[in-house]
1. Look at residue 89 and say whether it is under 16 Å from the mean Cα position of the chain (by Cα), under 17 Å from residue 190 (Cα atoms) and buried (at least 23 other Cβ atoms within 10 Å of the Cβ).
2. Quick check on residue 20: is it surrounded by fewer than 20 Cβ atoms within 10 Å (Cβ to Cβ), modelled with pLDDT under 90, in contact with a helix residue (DSSP H, G or I) (Cβ under 9 Å, 6 or more places away or on another chain) and within 22 Å of residue 158 (Cβ to Cβ)?
3. Considering only region 108-118, I want to know if a residue exists there that is within 23 Å of residue 187 (Cβ to Cβ), touching a residue at least 12 places away in the same chain (Cβ under 8 Å), touching a helix residue (DSSP H, G or I) at 6+ places or on another chain (Cβ under 8 Å) and crowded, with 17+ Cβ neighbours inside 10 Å.
4. I need the helices (runs of 4 or more DSSP H) fully contained in region 25-94, keeping only those with at least 1 residues that are at pLDDT below 80.
5. Just give me the residues in region 38-68 being without any contact (Cβ under 8 Å) to a residue 40 or more places away in the chain, farther than 24 Å from residue 153 by Cα and in contact with a helix residue (DSSP H, G or I) (Cβ under 9 Å, 6 or more places away or on another chain), in sequence order.
6. Just to be sure, is residue 278 free of Cβ contacts under 8 Å to residues at least 24 places away in the same chain, surrounded by fewer than 16 Cβ atoms within 10 Å (Cβ to Cβ) and farther than 29 Å from residue 63 by Cα?
7. Against the condition farther than 21 Å from residue 13 by Cβ, at pLDDT 90 or above and over 15 Å from the mean Cα position of the chain (by Cα), how does residue 99 come out, does it pass?
8. Could you tell me which residue of region 162-179 is farthest from the chain's Cα centre (by Cα), considering only residues that are buried (at least 23 other Cβ atoms within 10 Å of the Cβ) and assigned to a helix (DSSP H, G or I)?
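The values are calculated or read from the model by the stated rules, or taken from the named source; none is laboratory data. Just so it is clear, the model here is predicted, and its values are computed rather than measured. Ideal geometry is used to build each Cβ from the backbone, glycine not excepted, and the neighbour counts take in all protein chains shown.
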């Protein structure tokens, strides 16, 4: 009862933003519910700066429910399917992830961009957009404004990719009789799942390929999602190695170890075993949908804790970083596909 009385107001406010954002995201998948929720939260907080009794529920939603969303995301991963796809796409996935992380690290040093936002943009660009940011933020103790900024940057380049890549793929000569090459390109060079889906579906529509490109792109994208595991574990180790938080408290691995990632792995294993035993993958669809809704819900909370004016004023350098990561990932994906004879 104490939990309910403490958190109910803030949670109800987040739900009031998240529910319409969820349906708007369904109507406008290129934008997505998460981005709509975070923007709506930012607008609301312009008129609702002193949150008082709403604050605990908003904080709970932005932290804990965000972790629950990542755990439930594991139910969308059939490890057998991912291994088969990974044999073909793994070299490209590994190289694009490494490229983005190196570029973000170098720009962090050269442009003196804060460490947390650099990490979030680098991880979000290289792995899977909002889901990777959701998994990484608690590990590095990123604040809500840093998360909001990273999500906004990833969203911007997601939209550009979804619009530009299909005609660009045609212009550079991707095979239009098969969705394989463009599917791998979309799955490795586009960040968030919603934009990967939009990009691949557009290619299928352009060349009457049914869902061939979409199936390939989404499976490659899910393979990239597994990189969340080693990345968050390494970040937890590095943060422990530094030894202290900003306020001087000693950091231990037990305090910051991303245990929710272990649950994410467990969910993936449950899905794999169940599907191997004959359970339809559709059985897990409601859980995957709940995961997506939890991300929208937590983004509403993050928006409520974000100063949009400050975000715009400080967003220049991180936006340049996002652009550099996006261009480098695109270039590496194309080069490797060409070298491997896929394009």
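1. Judged against the criteria, residue 89 is not a match.
2. Judged against the criteria, residue 20 is not a match.
3. Checked against the condition, which is being within 23 Å of residue 187 (Cβ to Cβ), touching a residue at least 12 places away in the same chain (Cβ under 8 Å), touching a helix residue (DSSP H, G or I) at 6+ places or on another chain (Cβ under 8 Å) and crowded, with 17+ Cβ neighbours inside 10 Å, region 108-118 yields no hits at all.
4. Answer list for region 25-94: 33-46, 66-73.
5. Once the filter is applied, which keeps residues that are without any contact (Cβ under 8 Å) to a residue 40 or more places away in the chain, farther than 24 Å from residue 153 by Cα and in contact with a helix residue (DSSP H, G or I) (Cβ under 9 Å, 6 or more places away or on another chain), region 38-68 yields only 52.
6. yes
7. For residue 99, the condition - farther than 21 Å from residue 13 by Cβ, at pLDDT 90 or above and over 15 Å from the mean Cα position of the chain (by Cα) - is met.
8. 169
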